[in-house]
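Undergrad: My questions all concern the structure below.
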Amino acid sequence: MIREFAIVWANSGQLLNGLLNTAGLAVLGMILSVLLGSLLAVLLMARSRPVSLSAQAFVDLFRCVPFLLLAYLVYFGLPSLGLNFDNWTSGLVAIVFYNTAYMAEILRGVWRGLPRDGIEAATAFGFQGWRLFLRIILPQVFLIAAPMMGNQMIQIIKDTAFLSIIAVPELTHVASGIQSQYYVPFAAFLAAVLLYWMICSLVEAGVFAVERLARERR
Amino acid sequence: MPDTSMPPAVAPPVLEIRGLTKSFGTNIVLDGVSMQVGKGQTVCLLGPSGSGKSTLLRCVNWLEPPDQGRILLSGKLMGFRDGGVVPMNGMELARARSRIGMVFQHFNLWPHLTVLQNLIEAPIHVQGRQRDEVIGEAEVLLDRVGLADKKNAFPAHLSGGQKQRVGIARALAMRPELLLFDEPTSALDPELVGEVVAVMKILAEEGSTMLVVTHEMGFAREAADEVVLLDLGRVVEIARPTEFFTKPKTERARQFLQRYVHA
């Protein structure tokens, strides 16, 4: 047993690399899906029926596709359309599409429940359009949505593990490689589990900090 | 005084409302309302609930676009481009709205911003004024409404009376030509009404131009230059408060006073 962990320790550089890839994919994926999800939420809330319905169709589509299938589709399917991404980029694209849909749904839900009061005052004071959205609506939405967005971030971190099937060198892929090379499954996978747990704890600490900001304002 | 150099007959009133109508479905809320507010005047809009007071106020800054009629702000048409036919687009409307300050019944402060940030938000990001100058002015305003020590607090931590004083300061920070008050004390506990009314009285005395929808008859009597009684969407009576409260001209006004003042 000790020997097994010693082997994993000897390969800690690889694991660290996998961890960085996982964190990189998750952070970049989160940032992009929050940005795109915010835009998509605007479309979901659009007064024009055709616009909001198309946005809703997009959201429903991506929420119904299993993430694994989406990753396959981006990596193996898109080249048929002439779109060739490397493994890492394919993984990121799949994460962003998938989570943009979820993020938009979360943000729209909170936005709908936002009290009309503040928005009305902003309108009366001359806010409109993007300025109203970015300065008055979105900050309130983010403060309320923070715990749900944190959950989604954790979901993203875990979903990156699926990307090992398209050979993205993320944490699960690396752990799997170490175990098959040295046949140390318990130690290799346990090490990966601990590292996942560490980054998820970091995310939770972040969510806790935002929740405190939100509490001060409630 | 600069005011006296300009004869009042020449300067247009700050607010002029002509023949305003507004319906919600088949419900006629405003039925040809005409009135004005002169520079430095305080006009109180009185009337039973459902008389159209709040709708009239909200038509002034186009929160409710009226069906017919004209609103002129210092002689300039609201809601339409010059010529009066083409409606303003969103940006033009926003610019026009930023000339008017509004105080709401439920305060409507922005909960994600501190008290000071609530005051400077629109002057900086709508009016595009200098941040330092705006902050300086906002601090003076907070001091005047007695809340200098609360500038870094969030609205959620204030009492109703404090929130409404912030609401008033926020409206003043816009350097508005006209202040609209939509039942500013109706959502307050009775013991908190006084502190808000006191601030409003000072503004009226200092010559702010104010249109006030209120049920505070004391304020109307003491601070208004004119009261306008609205009923079923029509102007019933326009009078000086001394006359209105002691010898009203119409039967409807007598009934109203009976019910709301002597009750």
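The values are calculated or read from the model by the stated rules, or taken from the named source; none is laboratory data. The structure displayed is predicted, hence computed values, not measured ones. Neighbour counts are summed over all protein chains in view; Cβ atoms, including those assigned to glycine, are modelled from backbone coordinates with ideal geometry.
Undergrad: Could you list, ordered by first residue, the pairs with Cβ atoms under 8 Å in which the first is in region A:60-83 and of a type in the set (Ser, Thr, Tyr) and the second is in a helix (DSSP H, G or I), at least 6 apart or interchain?
TA: Matching pairs, first to second residue: A:TYR72/A:ILE165; A:TYR72/A:ILE166; A:TYR75/A:ASN87; A:TYR75/A:SER90; A:TYR75/A:GLY91; A:TYR75/A:ALA94; A:TYR75/A:ILE166.
Undergrad: Just to be sure before I move on: is B:GLU137 more than 8 Å from every other protein chain (Cβ to nearest Cβ), in a helix (DSSP H, G or I) and over 27 Å from B:PRO184 (Cα atoms) in the structure I sent?
TA: No.
Undergrad: Scan B:VAL213, B:VAL199, B:VAL227 and give me the residue that is out of contact with any strand residue (DSSP E or B) (no Cβ under 8 Å at 6 or more places or on another chain) and of a type in the set (A, V, I, L, M).
TA: B:VAL199
Undergrad: What's the number of the condition B:GLN117 fails, among (1) of a type in the set (S, T, N, Q); (2) free of Cβ contacts under 8 Å to residues at least 24 places away in the same chain; (3) under 23 Å from B:LYS53 (Cβ atoms)?
TA: Answer for B:GLN117: the failing condition is (3).
Undergrad: Something else: What are the residues in region B:70-111 that are without any contact (Cβ under 8 Å) to a residue 40 or more places away in the chain, within 9 Å of chain A (Cβ to nearest Cβ) and farther than 22 Å from B:THR209 by Cα, if any?
TA: Across region B:70-111, the qualifying residues are B:GLY90, B:MET91.
Undergrad: Here's a follow-up. Pairs only if they're at least six apart or on different chains, beta carbon under 7 angstrom, first in region A:119-131 and more than 7 Å from chain B (Cβ to nearest Cβ) and in a loop (DSSP other than H, G, I, E, B), second surrounded by fewer than 21 Cβ atoms within 10 Å (Cβ to Cβ) and of a type outside the set (Lys, Arg); list them, first residue then second.
TA: none
Undergrad: Further, regarding this structure: What pairs come out if I take residues in region A:155-179 that are in contact (Cβ under 8 Å) with a residue 60 or more places away in the chain and pair them with residues that are buried (at least 24 other Cβ atoms within 10 Å of the Cβ) and outside any helix (DSSP H, G or I) whose C-beta lies under 6 Å away, six or more apart or interchain?
TA: Qualifying pairs under 6 Å: A:THR160/A:GLU170; A:LEU163/A:GLU170.
Undergrad: Here is a follow-up. Could you go through region A:82-96 and let me know if any residue there is touching a strand residue (DSSP E or B) at 6+ places or on another chain (Cβ under 8 Å) and either under 27 Å from A:ALA46 (Cα atoms) or among the aromatic types (Phe, Trp, Tyr) (or both).
TA: No, the conditions are met nowhere in region A:82-96.
Undergrad: Same structure, new question: Got at least one residue in region A:49-69 being in contact with a Ser or Thr (Cβ under 7 Å, 6 or more places away or on another chain) and not charged (D, E, K, R)?
TA: There is no residue in region A:49-69 that is in contact with a Ser or Thr (Cβ under 7 Å, 6 or more places away or on another chain) and not charged (D, E, K, R).
Undergrad: Sticking with this structure for a sec: Within region B:112-131, count every residue that is within 8 Å of another protein chain (Cβ to nearest Cβ) and part of a helix (DSSP H, G or I).
TA: Going through region B:112-131 one residue at a time, the tally reaches 3.
Undergrad: Then there's this: Working carefully through the options B:ALA169, B:ALA148, find the one that is touching a helix residue (DSSP H, G or I) at 6+ places or on another chain (Cβ under 6 Å), surrounded by fewer than 20 Cβ atoms within 10 Å (Cβ to Cβ) and of a type in the set (A, V, I, L, M).
TA: The match here is B:ALA148.
Undergrad: Output the number of the condition that A:TYR182 fails; it satisfies all remaining conditions of (1) buried (at least 20 other Cβ atoms within 10 Å of the Cβ); (2) over 15 Å from A:ALA94 (Cβ atoms).
TA: Just one mismatch for A:TYR182, condition (1).
Undergrad: Within region B:153-180, how many residues are part of a helix (DSSP H, G or I), over 19 Å from A:GLU120 (Cβ atoms) and out of contact with any Leu (no Cβ under 7 Å at 6 or more places or on another chain)?
TA: Final tally of qualifying residues: 1.
Undergrad: Let me ask something else about it. Among the residues of region B:211-221, are any among the polar types (S, T, N, Q) and either within 29 Å of B:LEU172 (Cα to Cα) or in a strand (DSSP E or B) (or both)?
TA: Checking region B:211-221: at least one residue is among the polar types (S, T, N, Q) and either within 29 Å of B:LEU172 (Cα to Cα) or in a strand (DSSP E or B) (or both).
Undergrad: Still on this model: Does A:VAL51 meet the test of being free of Cβ contacts under 8 Å to residues at least 40 places away in the same chain and more than 14 Å from every other protein chain (Cβ to nearest Cβ)?
TA: yes
Undergrad: Do any helices (runs of 4 or more DSSP H) lying entirely in region B:1-106 carry at least 2 residues that are out of contact with any Lys or Arg (no Cβ under 9 Å at 6 or more places or on another chain) and hydroxyl-bearing (Ser, Thr, Tyr), and which ones are they?
TA: Helices (runs of 4 or more DSSP H) meeting the threshold: B:2-5.
Undergrad: Could you check B:GLN162 against (1) modelled with pLDDT of 95 or more; (2) within 12 Å of chain A (Cβ to nearest Cβ) and say which number it fails?
TA: Going through (1) modelled with pLDDT of 95 or more; (2) within 12 Å of chain A (Cβ to nearest Cβ) one by one, B:GLN162 breaks only (2).
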